[in-house]
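Working notes, structure below.
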Amino acid sequence: MKPKFLNDNPKIYLVAPSFGCVTEPYQTRLKASIERLKMEGADIIEGENIWKALGKVSSNTPELRAKEIHDAFLSDADLVLSVGGGEVMCEILPYIDFELIKRNPKWFVGFSDNTNLTYTITTICDMESIYGTNAPSYYNLDYNALDTWEMLHGKKEFKGYKKWQLENNSKNPLVTLNLRKRTIIKPYNYESKVTGRFLGGCLDCLATICGTKFDHTKEYINRHKDEGIIFFMECCDLTSISLRRALFQLKNAGWFDHVSMFLIGRSLNYYDKSFGVSMEESYIDMLKDFNKPILFNIDLGHLPPSMPIRTGALATVEYNKDKKNIFITYKD
């Protein structure tokens, strides 16, 4: 199931299923992003929790964060947009009514900790979601924010970015991206373009979901096994060793049984070599048995800019070695 693409004057419901925007630079960025989205013709509905930090490491209690999600999906909004990632969004899952979400299809967009909904909405409701830019990043409508916005309006062709940001030490909360590192995609076992359904997200969250009652992965991939699965992954806090453990868990839970390709993004610990093992080595060691193509260092993850991905969508992924870039074309 694919929610309707946005029109020229969409109604956007902002939610805080993980962190609220109570600290800088996120508070200033969200205020500026709201104004920018209004300039683009959007009508903004502010959820009750977006300016709060009343929960444990979160905007509010798990019950009230889940209620905000329900309120958003029951509203007349066209888009439910998260205002932030965080640490404990998984706590809302026992209180989420997925049948309610399925009966009221809308785009849900979020990044990082929002994997807890982008992944489960797709696998439980069989409904597309977007692993994409959180609300505070739309003050500059460029790169990943622009791509997410255009994706929501129906754009189907996307490509990676030429450079990425390792760090940005500016004290200006509305700073532009400091793109100094050249994107160098590393293909492994790649021969030609691959078509399949996108599934994935932040590995820190995926490993937490795996094996719980919210893990409907096997049912989902079995429904779509004839199309194949393009599994995309990136991580936040994982080291090269904790990454191996997470991949071991997903691999042996059968999450990669019908995989056609792996897309690997950049983590915050991009250069980590715990015990002398690199992140790339861990991915290869744990995934090589599938004998499927892997594209490393794609523009996805916690070192921006990060391409938005329509989770659950059928798409073709091609790596062009001459243009040194990745190209994604959605089929519908």
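The values are calculated or read from the model by the stated rules, or taken from the named source; none is laboratory data. It should be emphasised that the depicted structure is a prediction, and the values quoted were computed from it without experimental measurement. All Cβ positions, glycine included, derive from the backbone under ideal geometry; neighbour counts span all protein chains shown. Ligands, DNA and RNA are stripped out before the accessible areas are found, and what is left, the full protein with its side chains, is counted by its heavy atoms. Shrake-Rupley method; radii C 1.70, N 1.55, O 1.52, S 1.80 Å.
Here are the numbers for this structure:
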{"read-out": "Listed peptides 238-248, 22-32 by packing density, highest first (mean Cβ within 10 Å)", "value": "238-248, 22-32"}
{"read-out": "Calculated diffusion of segment 1-132, Stokes-Einstein form, Kirkwood radius summed over Cα pairs, 20 °C and 1.002 mPa s, µm²/s", "value": "148 µm²/s"}
{"read-out": "Nearest 10 degrees, 0 to 90: helix 26-39 Cα axis against the chain principal axis", "value": "80 degrees"}
{"read-out": "222 nm mean residue ellipticity, helices alone, for the chain (DSSP H n ≥ 4; -39,500 (n - 2.57); rounded to 500)", "value": "-8000 deg cm²/dmol"}
{"read-out": "Fraction of antiparallel bridges per DSSP, the chain only, in percent to nearest 5", "value": "45 percent"}
{"read-out": "Charge context of MET1, other residues only, Cβ under 10 angstrom, K/R +1, D/E -1", "value": "0"}
{"read-out": "Cα gyration tensor of segment 203-252 - equivalent ellipsoid semi-axes, whole Å, descending", "value": "22, 13, 9"}
{"read-out": "Difference of contour (0.36 nm per residue) and Cα-Cα distance, ARG245 to LEU268", "value": "6.5 nm"}
{"read-out": "Local electrostatic count, LEU93, Cβ distance below 13 Å [Lys/Arg +1, Asp/Glu -1]", "value": "-3"}
{"read-out": "Contour excess over end-to-end distance, with Cα ends at ASN104 and ASP257 and 0.36 nm allotted per residue", "value": "52.0 nm"}
{"read-out": "With every protein chain in place, the chain: carbon and sulfur % of accessible area (1.4 Å)", "value": "48 percent"}
{"read-out": "10 Å beta-carbon shell around ASP237, net charge (K/R +1, D/E -1)", "value": "-2"}
{"read-out": "Separation of alpha-carbon centers, segment 293-322 and segment 26-102, rounded to whole Å", "value": "26 Å"}
{"read-out": "Heavy-atom surface of the chain, accessible at 1.4 Å and reported per residue (Å²)", "value": "42 Å²"}
{"read-out": "Three semi-axes of the equivalent ellipsoid, segment 117-250, Cα gyration tensor, whole Å, largest first", "value": "28, 19, 18"}
{"read-out": "For the chain: Kirkwood Rh in Å [reciprocal of mean 1/r, alpha carbons]", "value": "19.8 Å"}
{"read-out": "Over segment 14-60, equivalent-ellipsoid semi-axes from the Cα gyration tensor in Å", "value": "21, 12, 6"}
